[in-house]
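*Asks:* One structure is given below, represented as structure tokens, and several questions about it will come after.
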Amino acid sequence: MTSEAPDRLLDRVRKLLAKAEAEGVTPPEAQALTAKAAELMARYGIDRALLAAARPETDAPGSRLVDLDNPWKRVKAHLLCGLGAAMRCQCILLTTRTGLRVHMFGYDSDIERTDVLYTSVLVQMSHGLAVAVVPDRASPRAWRRSWLLGFGAAVISRVKAAEQAAAARAGQAPPGSAAGGASTALMLADRSLVIRAAVQREYPVTRAARTTYSGTGYGAGYEKGQRADLGTRRVTRPASPRLTRSGG
């Protein structure tokens, strides 16, 4: 395995998703392309972890601060932290004067993967919300917020499933093979311990955060999120206008 191999894998992910987002692609075609992209993204994470086991300099533990402003700042935080957790990162949610800040800890490759997915899904949430029809008698703001949370939950669930499947496949490989073998689970566990220790050093006292909603759009958002693409853009790209004009 070389340092270029995982990069080529991530490039394949971006190309697949570009095809899935192109005009004229049918929904079944887009779903098939997206499913393959999710599988490759999970494989990319395993490959980078295996490479780092042999060459630690290729994937070091680190952290990143991401500022989240209104509107929908808590929805964005829920999405980013959920995706990060699915991709072996740990997030600390901080309150600032202007909004929220997420301090994300993880190996560089896992932070990178979370970046790619988060911003793409954020854009897709915006597009989906723009065409979603609020039912009669529903509070528009509450319904839209619950829709966004449902959408995000569906995507997070899909990412978790892809990650678990990739780790399971690597764990079933013959011992000593490039794919990992039984040592893969131990290697991933060790990486998780490293990140957990980094979080505890920086934030020795934390408490669990809970996200609630009162609207009835969760189911509709969840159903839409099950068909979402899994991302090609970076966290630093601004959100689309639809997510910058509705409530917080």
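*Asks:* Could you list, in sequence order, the residues of the stretch 61-84 that are under 8 Å from the mean Cα position of the chain (by Cα) and among the small types (Gly, Ala, Ser)?
*Replies:* Residues satisfying the conditions are Gly82, Gly84.
*Asks:* Would you tally the residues in the stretch 11-69 being open to solvent by 60 Å² or more (accessible area, probe 1.4 Å), among the small types (Gly, Ala, Ser) and modelled with pLDDT of 80 or more?
*Replies:* Count: 3.
*Asks:* Being in a helix (DSSP H, G or I) and hydrophobic (A, V, I, L, M, F, W, C): is that true of Val75 here?
*Replies:* Judged against the criteria, Val75 is a match.
*Asks:* Can you report the number of residues in the stretch 57-80 which are hydroxyl-bearing (Ser, Thr, Tyr) and farther than 16 Å from Met104 by Cβ?
*Replies:* Matching residues across the stretch 57-80 total 1.
*Asks:* Where the second residue is modelled with pLDDT of 80 or more and exposed (fewer than 15 other Cβ atoms within 10 Å of the Cβ) and the first is within 21 Å of Arg74 (Cα to Cα) and lies in the stretch 129-144, which pairs have Cβ atoms under 9 Å and are six or more apart or on separate chains?
*Replies:* Sorted first by the residue in the stretch 129-144, then by its partner, the pairs are Val134/Pro140; Trp143/Pro135.
*Asks:* Now a separate question. Got a sec? Which of Gly247, Gly181, Gly215 is on the phi > 0 side of the Ramachandran plot, in a loop (DSSP other than H, G, I, E, B), modelled with pLDDT under 85 and out of contact with any Cys (no Cβ under 8 Å at 6 or more places or on another chain)?
*Replies:* Being on the phi > 0 side of the Ramachandran plot, in a loop (DSSP other than H, G, I, E, B), modelled with pLDDT under 85 and out of contact with any Cys (no Cβ under 8 Å at 6 or more places or on another chain) holds for just one of Gly247, Gly181, Gly215, which is Gly181.
*Asks:* Right, Leu122: open to solvent by less than 40 Å² (accessible area, probe 1.4 Å) and modelled with pLDDT of 80 or more or not?
*Replies:* Judged against the criteria, Leu122 is not a match.
The values are calculated or read from the model by the stated rules, or taken from the named source; none is laboratory data. Here the structure is a predicted model, which means the values were calculated and not measured. Here Cβ is always computed from backbone atoms with ideal geometry, including for glycine, and neighbour counts include all displayed protein chains. The protein model used for the area step is the full one, side chains on, heavy atoms only, and it has no ligands, DNA or RNA in it. Shrake-Rupley method; radii C 1.70, N 1.55, O 1.52, S 1.80 Å.
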